[in-house]
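The structure under discussion appears below in the form of structure tokens.
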Amino acid sequence: MSEGGSTFDDPRLQPAARALARSRRLVVFTGAGVSKESGIATFREPETGLWARFDPMKLATPEAYRRDPEFVWSWYEHRFGAAAAAEPNAGHQAIAELERLLPRVAVVTQNIDGLHQRAGSSDVVELHGSMHRFKCLPGTHTGFARADFAGQTQKPPRCPDCGELLRPDVVWFGEALPGAAIDRAQALSAGCDVMLVVGTSGVVYPAAAMPQLAAQAGALVIDVNPERDALAASAAIFLRGPGGVVLPELVAAVREHLAA
Ligand code: BJW
């Protein structure tokens, strides 16, 4: 592929497709970029990224929520409204298609939007939580859905069980990732033979360690991103372009290898 152009003439597409076609244990590791073509903003892109316009320390920390719950809740309500109206894009669909072609495929995502599941991926590990779940601020009562507080007029709503503030069940800066999710992601990463990385800047830890874990364990790492971000240098194959363009091409090439 020429830089910034279509993927058709990218000489790296065929080696990537061949490796995927041979994979017995594939992990797809994704970040905000995979949902960009669904109209959901990324975090760190200049100008359009959320953190270019908003201070994460005033919005994405437990301290920020305790300091100004109305402000943080309304910001999340605004974002969740936009994300709820979004549809999976061709990139999410291509990833789901891989599950129908290859023996074992797991998706490890930093995204909270649920679009992989809606596209049809059945094994999705959510490292940073989900915009579809809520819990009380102390973290004692979990697993609430929007319907559980739909009747409340106060904002933020209160926990139906303890009366404390409800909060989105997402991982803010300084918070531990859900134990089961990080354990599974680490095991999958250390045990995969190919890792397909899509749409992450690779700067937020511990999630960003997954491609390193995979590479250290001998997996081939393929990175799909319009920009050469932090992970590109350590990937064996870097495919420059948007997920919604590159991934359908890649999956079509995988299908051809499998049919040959
Ligand atoms: C496309 C595209 C297209 C565009 N197709 N691609 C110093 C050093 C190292 C670590 C730290 C440090 N100081 C603090 C830390 C720790 C901190 C951290 O890593 N900070 C770094 C930023 C420095 N990490 C934490 O705090 C984590 N917790 C933790 O460490 O806990 C320790 C602990 C242990 C035990 C007890 C207690 C504590 C938690 C991190 C939580 C991150 N949360 C967020 C918000 C989630 C909720 C919400 O949505 O509001 O998660 S922040 C944000 O970043 C979000 C994302 O999941 C995460 C990663 O971002 P992502 O997905 O990579 O997006 P971008 O925007 O960065 O990149 C998009 C990419 O897409 C770009 O590359 C584009 O080019 C590309 N792209 N269009 C494909 N069409």
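Within segment 179-194, take every residue that is among the aliphatic types (A, V, I, L, M) and within 15 Å of the ligand (Cβ to nearest atom) and give me the one that is nearest to E249 (Cα to Cα). It comes out as A185.
One line per residue, one yes/no per condition, for (1) modelled with pLDDT of 95 or more; (2) of a type in the set (S, T, N, Q); (3) under 23 Å from A60 (Cα atoms); (4) assigned by TED's automatic domain parsing to the domain that holds G202:
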position: F80; (1), (2), (3), (4): no, no, yes, no
position: Q93; (1), (2), (3), (4): yes, yes, no, yes
position: L98; (1), (2), (3), (4): yes, no, no, yes
position: V105; (1), (2), (3), (4): yes, no, no, yes
position: Q110; (1), (2), (3), (4): yes, yes, yes, yes
position: S122; (1), (2), (3), (4): yes, yes, no, yes
position: L137; (1), (2), (3), (4): yes, no, yes, no
position: G143; (1), (2), (3), (4): yes, no, yes, no
position: G163; (1), (2), (3), (4): yes, no, yes, no
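Of all residues in segment 199-220, which are farther than 19 Å from I182 by Cβ and either assigned to a helix (DSSP H, G or I) or more than 6 Å from the ligand (Cβ to nearest atom) (or both)? Those that are farther than 19 Å from I182 by Cβ and either assigned to a helix (DSSP H, G or I) or more than 6 Å from the ligand (Cβ to nearest atom) (or both): G218, L220.
Selection of segment 242-260 for residues being among the small types (G, A, S) and either surrounded by fewer than 16 Cβ atoms within 10 Å (Cβ to Cβ) or more than 10 Å from the ligand (Cβ to nearest atom) (or both) yields A252, A253, A259, A260. Please tell me if E47 is of a type outside the set (A, V, I, L, M, F, W, C), away from the ligand (no atom under 13 Å from the Cβ), more than 14 Å from V170 (Cβ to Cβ) and not in a helix (DSSP H, G or I). So E47 does not fit the description; no.
Once segment 145-171 is narrowed to residues that are of a type in the set (A, V, I, L, M, F, W, C) and assigned to a helix (DSSP H, G or I), the residue that is surrounded by the most Cβ atoms within 10 Å (Cβ to Cβ) is F149. Under the condition of being out of contact with any Gly (no Cβ under 6 Å at 6 or more places or on another chain) and near the ligand (Cβ under 10 Å from one of its atoms), the residues counted in segment 33-44 number 6. Looking at the structure I just gave you, is L239 in a helix (DSSP H, G or I), among the aliphatic types (A, V, I, L, M) and within 16 Å of the ligand (Cβ to nearest atom)? Answer is no for this residue. Scanning segment 172-193 for residues that are of a type in the set (G, A, S) and either surrounded by 17 or more Cβ atoms within 10 Å (Cβ to Cβ) or part of a helix (DSSP H, G or I) (or both) returns G179, A180, A181, A185, A187, S189, A190, G191. Residues that are more than 16 Å from the ligand (Cβ to nearest atom) and at pLDDT below 95 are absent from segment 12-31 altogether.
A84 - would you say it is at negative phi and touching a Gly at 6+ places or on another chain (Cβ under 6 Å)? For A84, the condition - at negative phi and touching a Gly at 6+ places or on another chain (Cβ under 6 Å) - is not met.
The values are calculated or read from the model by the stated rules, or taken from the named source; none is laboratory data. Computed from a predicted model, the values in this text were never measured in an experiment. Ideal geometry is used to build each Cβ from the backbone, glycine not excepted, and the neighbour counts take in all protein chains shown.
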